[in-house]
Amino acid sequence: MTLDETKTGMIVRIDSVGESNLKQRLMTMGLIPGTRVEILNSAPLGDPIALRLRSYNLAMRKADAAQIEVSQVQ
């Protein structure tokens with residue numbers, strides 16, 4: 001499953017970050033394999049989504065989230 005397919009309240013673990021122009025930037029922000037991510041909320045129209053990882057919250061477009069493979073932890 002990819003990060004854009006998750007639902008509010010889910011806790012997932014990042015398995016891989018797909019090859020894209022943003023890969024290095026996403027990994028610099030802490031989106032590296034093995035990181036636990038909690039899905040906080042999404043905007044009323046579904047884009048962007050709010051994530052909690054490590055010690056901060058992050059808003060991400062669904063198009064970018066579609067590049068990140070995850071698996072459910074809880």
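The values are calculated or read from the model by the stated rules, or taken from the named source; none is laboratory data. Bear in mind the structure is a predicted one, so any value in this text is a computation, not a measurement. With ligands, DNA and RNA removed, areas are computed over all heavy atoms of the protein, side chains included. Shrake-Rupley method; radii C 1.70, N 1.55, O 1.52, S 1.80 Å.
List of remarks:
- Residues of the chain: accessible area per residue with a 1.4 Å probe, Å²: 61
- Relative contact order of the chain, pairs being alpha-carbon contacts under 8 Å that are 6 or more residues apart, as %: 45
- Accessible carbon and sulfur surface of the chain relative to its total accessible area, %, 1.4 Å: 49
- Per-q log10 I(q)/I(0), the chain, q = 0.15, 0.26 Å⁻¹ (Debye; single scatterer per alpha-carbon; no solvent): -0.41, -1.35
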